[in-house]
Amino acid sequence: MRVNSLAFRLFLWATGLTVVVLIVAGIALSTLYRNAVERGFDLRLDVYVRTLVADVASPEEGSEKFPQSIGEPLFELPLSGWYWQVTRLDTSKPEVHSSRSLWDSNLPRLHATKDDAAASGGYLKGYAPGPEDVQLRLVERTIDLGGDGRYLIAVAGNASEIEDEMLSFDRIIGTIFAGLAVALLITTVLQVRFGLAPLKRISASLAAIRSGHAERLEGEFPVEIAPLARETNALIEANREIVERARTHVGNLAHALKTPLSVIVNEAAARGSDPLAQKVLEQAEIMRDQVARQLERARLAARSNVVGTLIDVPPVVTALARTMEKLHRERDIAIAVDMPAHARFRGEQQDLEEMIGNLVDNACKWAQSRVAIEVAQEGPARDGKSKVRVIVDDDGPGLSPADRERVARRGQRMDETKPGSGLGLSIVVELAGLYDGALTLGTAPIGGLRADLALPGG
């Protein structure tokens, strides 16, 4: 996916949204699980608090008011992290009784301002550092026994159990969410590729139409893209109709101008040596040449705007070679053809026939006895476009570099004894240019002129 592609944007947005959702969900789950673990831990501490409250409020007969054990061995082990402490608050000097595990230390006090709700119910819950700076989870309860005194009962447990539980949970949830993130990203990639596949098909179909492999967008498209396909097909059809109308108008204009110009030329020619008639004749010929040139340019431009089709070159070259041999039979011109089995031109067959026909006809007019036609298909260049080359050689007198430039101009003829109007090579140059091709004149290996025509291939 390219950075500026629609697929990359969709993937980026989906990835960002997925990461944000997973992070928020992970934090929420971790918080909820911590609250659940703390509640479970507090319930355990609350059981010990209730046991101490019962022992302090109504000790068994013959037993001490402050027991040294409440049935949990951890309260007997020094600095085990589990402690209880009972403090009488209504004396001038608080009396403190604690578990053996607390050794000679005291538990820290929680402040009511940290948990007003707990304080209002007689309970305080929170974290505080204990002996050896071990983090403890404390539960405190204040009871008033009237004449028997007022006491603060505190039970603490090692908070590392909560942290260990949370660490284990975070690792598990992190692993699960990481796997889920990978799965979601893969799913996103597949969704983007599948969702944008119709657009890719349209792009490929348009390339096929442009290259001549297809004439319209074919196939079923999703309802969101189907209107685009319909409008594109309608645009292609409209373009073809416009070009056809342009051709028709060009043809009509040519016929409309041909007759009046012919009448003017005939009338001027009938007046013989009249200077005015000669001037009219001269200017009429110029007008006819200019009209023919502009009509030809309009016709070629109209053709070049049509979406190209792929034309097989070998049949066209073979047919033209046979036709030219028949036309120049009295001169016994031998035409040799060398071409691959598959060579294609991206354009219209009529234009290809006109270009190659002009080149072969020109070669046959000047050749002594031989004309060679070579066709080569070239692969895609740096611009990604392929080409087809048609090389026509003859064994005639050839042309100098200056003469080669002259004959490519409209109406320029090197020998008035040869038939023709001098428009052939110039038409080839203009028509090839409209297809982004080129005609190059050089020296043929067999001694005459070489015409190298490069055209877009398929």
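What follows is calculated from the coordinates using simple rules that are stated; it is not laboratory data. Because the structure is a prediction, the values reported are computed rather than measured. Glycine gets a Cβ as well: all are built from the backbone with ideal geometry, and neighbour counts include every protein chain shown.
Excluding D452 itself, calculate the net charge of residues whose Cβ lies under 10 Å from the Cβ of D452, where each Lys or Arg counts +1 and each Asp or Glu counts -1.
Once positives and negatives cancel, what remains is 0.
Could you work out the relative contact order of the chain? I mean the mean sequence separation of Cα pairs under 8 Å and 6+ apart, divided by the number of residues, in percent.
10
What distance in nm separates the simple spin-label points at A57 and A256, each placed 7 Å from Cα in the Cβ direction?
Each label point is offset 7 Å from its Cα along the Cβ direction, giving 11.6 nm.
Using 0.36 nm per residue, how much length does the chain from I173 to A7 gain when fully extended, once their Cα-Cα distance is taken away?
So the extension gain works out to 56.7 nm.
Which net charge results when you count Lys and Arg as +1 and Asp and Glu as -1 among the other residues whose beta-carbon is under 14 Å from that of G195? Numbers along the way, then the final one.
Working: positive: R9, R193, K200, R201; negative: E224.
Result for the local shell: +3.
Provide the gained length on full extension for the span E353 to N233, in nm with one decimal, where the gain is 0.36 nm per separating residue minus the Cα-Cα distance.
Stretched out fully, the E353 to N233 stretch lengthens by 40.3 nm.
How would you rank Y48, Y83, going from fewest to most other Cβ atoms within 10 Å of each one's own Cβ?
The order, fewest Cβ neighbours first, is Y48, Y83.
Mean Kyte-Doolittle hydropathy of -1.0 or higher plus an axial Cα length of 24 Å or more: which whole DSSP H helices in the chain meet both? Display every interim value, and only then the final one.
Working: long enough: 6-57 (74 Å, 1.11); 160-195 (50 Å, 0.97); 226-270 (66 Å, 0.02); 275-304 (43 Å, -0.53); 349-366 (26 Å, -0.59).
Correct list, ordered by number: 6-57, 160-195, 226-270, 275-304, 349-366.
Principal axes first, then extents: for the Cα atoms of segment 6-165, list largest minus smallest coordinate on each axis, whole Å, largest first.
Result for segment 6-165: principal-axis Cα extents of 84, 33, 25 Å.
If you scale each eigenvalue of the Cα gyration tensor by 5 and take the root, what three semi-axes come out for segment 309-456, rounded to whole angstrom and sorted largest first?
So the equivalent ellipsoid measures 24, 18, 14 Å along its semi-axes.
I'd like to compare 183-194, 346-357: which one has the highest average count of other Cβ atoms within 10 Å, and what's the full order after that?
Details: 183-194: 13.8, 346-357: 20.0.
Result, highest mean first: 346-357, 183-194.
Starting from the Cα-Cα distance between K326 and L29, subtract it from 0.36 nm times their residue separation and give me the gain in nm to one decimal. Mind dumping the intermediate values first?
Details: separation 297, 0.36 × 297 = 106.92 nm, distance 9.12 nm.
Once the chain is fully extended between K326 and L29, it gains 97.8 nm.
Summing +1 for each Lys or Arg and -1 for each Asp or Glu, what net charge is found among the other residues whose Cβ lies under 10 Å from the Cβ of R389?
Result for the local shell: -2.
With 30 Å as the cut-off, how large is the P(r) tail for the chain, expressed as percent of Cα-Cα pairs?
Distances greater than 30 Å cover 69 percent of the Cα pairs.
Dividing the convex hull volume of the alpha carbon atoms of segment 145-203 by its residue count, what do you get in Å³ per residue?
For segment 145-203, the hull spanned by Cα atoms encloses 121 Å³ per residue.
With only Lys, Arg, Asp and Glu charged, each at its Cβ (+1 for the first two, -1 for the last two), find how big the charge dipole of the chain is about the Cα centre; round to the nearest 20 debye.
Dipole magnitude for the chain comes out near 2340 debye.
Can you compute the helix-only [θ] at 222 nm over the chain? Use -39500 (n - 2.57) per DSSP H run of at least 4 residues, normalise by all residues, nearest 500 deg cm²/dmol.
Helix-only estimate at 222 nm: -18000 deg cm²/dmol.
Relative contact order of segment 6-165, please, whole-number percent, based on alpha carbon pairs below 8 angstrom and at least 6 residues apart.
Computed value for segment 6-165: 22 percent relative contact order.
Can you flag which of K258/K387; K258/K385; K279/K365; K258/K279; K258/K365; K365/K385 are past 31 Å Cα-Cα?
Result: K258/K387; K258/K385; K279/K365; K365/K385 exceed 31 Å.
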